[in-house]
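Enquirer: Here it is, the structure in full.
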Amino acid sequence: MRAGSLALDVAQNENYLRFSTSMIDSFMPMHILVGLDGQILHVGPTFRKFQERKSFVGRNLFKVLVFRQNKPLATIDDLAANTGSVLKAHLINGSVGGLRGNCVTLPDKQGYLLNFGLGPNLYGVVNRFGLKASDFSSSDPTAELLCMTEMQSFLLNESVRLNQRLDGAKRSAEARASRDPLTGLGNRRLLADYLQRLQARESSSFALLHIDLDKFKNINDAFGHSAGDAVLQEVARVLQVETRPDDVLARLGGDEFVAVLGHVDNIAQIQTLADRLIEKISTPVIFGNFSCQVGASIGGVLFDRTWTLDPHYILEEADKLLYAAKDKGRGFAIVQALAKPEGHL
Amino acid sequence: MILANMRGLQMHGFINRGLQSFVHDFYGARKWEETCVAANFPFYSFETLVHYENDVTKRLLETLSVVLERTSEEILEDFGTYVVTDERLSGIRRLLRFGGETYVDFLMSLEDFSARFKVSMPFLEVPKLHLEARPGNLYAVHCEYAMPGYAPVLLGLLRAMADDYGALVTIEHHTKLKGPVQRDRFDIRLHEERWQRPAEIRRLVVT
């Protein structure tokens, strides 16, 4: 019967339930009770941790909190007008910002009860004041939120790091895939890409030199592969020194090299360069106690980039001239302007 | 999207990467590289968010045991200590300390922890923990985990947190395998709750 009469009392009188401040402390550890004169009467245990030297109790609410409403909220009458709306506030002492809460009128209109949460500043405030799970109501998901925040920032860091590593790995894989690892020159793939892209560049003529070493096999046979590698590296160095930075150099494997020279239109000029290359390449390379000498033959073509040419066609034409040079005896360079292919005006 | 991609992710990446940092910091880069070579790994670095087979972690632990001349259990226990004491992982320690003011509060909050990790990372298989308070200041932490053999990490963590709270405890570890699932029990005897001053939590600067 008692339970029934309680139900009746609660139903008939909204103000029937009475809570002690310690009950409210446990349910709402961040609450503030204010009297009708604006004086703070009681502060919840967690909110109390935010006070510096001076206790909050006994002070005027508006000397402790600044409210950030659309309309000014600086008196107890303003507060009365805001019961039921969301209150945004920060502490005047600057220690806690971003508080969110609401305010209700106490039974018998003796004052007001304000309750706050930490809003978006939760993480910072918890760390600053060393708050524990017990500083929050047990029904409050703060602990879950903190756990998620920590995990999220950890996972985000890991993910950013992983992406950076993958990006670096991708770049170096790409660089390796188009480079000859021995000489650092481009490889066949890089050359093909470059010749393809030539079609889209500014109008000017190009020369392609196909360079083949003479007697290279002898070096490997007589002095071993590391001597051969040293010779190939020296040839690469000569090519780099004798050409311009924008020219593209590639090693096609074995002892075959290609140089693509931009902005040249003079056959004689190219012939001079090719002859100089042969001379430099023929200078003996000292490897340990050995003097390794190779020679070179070169077939070269001059072509206009406005002709849409198949890279294979250019290479084949240069190759034909290379074999003609080899037939003449070793150490010759033959350079010709490429005939305009059929279909071009 | 990330959640969908990571569903069913085991903790191997976390453990491998964690062990890597631990060995790196405590034994040096050369010992770590030596381990990778000896274990025949084609790389020197693990990733937290990459899936690795169970065998990789097994091989890593076996090789570490040889290279560092310590048992896997000892290494894992030290790793558990490292997880809660290393400055770069301070977030984990802060979360654990959030559980309460005392070591007993912390033990009480352990159960919630596995649940919270589940909320944060629903895709990750984490150990299930259960606390049982017994008479005479004795607490039993029960741990159930689909990956057997990793319980010493928890032992290291429980010991390090006792130091952190300044509590004097002795911990006994019991283990038994039930099917594929390993059940571990840690009997913790609390001799003194405030034996030392608890360590300070380094507070972050609020920005």
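Enquirer: What list of ³J(HN,Hα) couplings, whole Hz, do you get for the range A:136-144 from phi and the Karplus terms 6.51, -1.76, 1.60, once you set θ to phi - 60° and write x for glycine and proline?
Expert: 10, 4, 5, 7, 8, x, 4, 4, 5
Enquirer: Shielding of A:117-125 by partners, i.e. mean partner chain Cβ atoms within 10 Å per residue?
Expert: Other-chain Cβ atoms within 10 Å of each residue's Cβ, averaged: 1.
Enquirer: If you average the C-alpha positions of the range B:21-90 and of the range A:280-319 separately, how far apart do those two centres end up, in angstrom?
Expert: Cα centroid of the range B:21-90 versus Cα centroid of the range A:280-319: 52 Å apart.
Enquirer: Moving to a separate point now. Using a 10 Å cut-off on Cβ to Cβ distances, tally the other chain neighbours for every residue of A:142-150 and report the average as a whole number.
Expert: Counting Cβ atoms of other protein chains within 10 Å of each residue's Cβ and averaging gives 6.
Enquirer: Taking H placed 1.01 Å from N in the peptide plane, check which residues at least 5 places from A:Asp214 or on another chain put their amide H under 5 Å from its amide H.
Expert: Amide H neighbours of A:Asp214: A:Gly295, A:Ala296, A:Ser297.
Enquirer: Now for a separate question. Across peptide B:43-55, what mean number of C-beta atoms from other chains lies inside 10 Å of a residue's C-beta?
Expert: Across B:43-55, the average partner-chain Cβ count within 10 Å equals 2.
Enquirer: Using Cα pairs under 8 angstrom and six or more residues apart, how large is the relative contact order of chain A, in percent?
Expert: So the answer I get is 12 percent.
Enquirer: With Cβ to Cβ distances under 13 Å as the rule, what net charge do the other residues near A:His210 carry (K, R +1; D, E -1)?
Expert: Taking every other residue near A:His210 into account, the sum is -2.
Enquirer: Among the aspartates and glutamates, select those whose C-alpha is under 16 Å from the C-alpha of A:Lys63, and discard any that sit fewer than 8 residues away in the same chain.
Expert: A:Asp37, A:Glu52, A:Asp77, A:Asp78
Enquirer: Follow-up. What list of ³J(HN,Hα) values in whole Hz, one per residue of the range A:18-29 in order, does the Karplus curve 6.51 cos²θ - 1.76 cosθ + 1.60 (θ = phi - 60°) give from phi, with Gly and Pro shown as x?
Expert: Couplings: 10, 10, 7, 4, 5, 5, 5, 3, 6, 7, 10, x Hz.
Enquirer: Karplus couplings for the range A:92-104 from phi (6.51 cos²θ - 1.76 cosθ + 1.60, θ = phi - 60°), rounded to Hz, Gly and Pro as x?
Expert: 4, 5, x, 7, 9, x, x, 5, 10, x, 8, 9, 10
Enquirer: Now, a different point. Can you check what the net charge comes to around A:Ala169, using other residues whose Cβ is under 15 Å from the Cβ of A:Ala169 (Lys, Arg +1; Asp, Glu -1)?
Expert: So the environment of A:Ala169 carries a net charge of +2.
Enquirer: Quick one: helix A:225-242 against the long Cα principal axis of chain A, what's the angle to the nearest 10°, folded into 0 to 90?
Expert: Approximately 90 degrees, to the nearest ten.
Enquirer: Counting each DSSP H run of 4 or more residues in the protein assembly as shown as -39500 (n - 2.57), what helix-only mean residue ellipticity at 222 nm follows after dividing by all residues, to the nearest 500 deg cm²/dmol?
Expert: -14000 deg cm²/dmol
Enquirer: Relative to the first principal axis of the alpha-carbon coordinates of chain A, what is the inclination of helix A:188-198, with its axis defined by its Cα atoms, in degrees from 0 to 90 and to the nearest 10?
Expert: Computed tilt is about 80 degrees.
Each value in this text was obtained by applying a stated rule to the coordinates, not by laboratory testing. The structure displayed is predicted, hence computed values, not measured ones. Quick reminder, even Gly has a Cβ in these numbers, built from the backbone with ideal geometry, and neighbours come from all protein chains shown.
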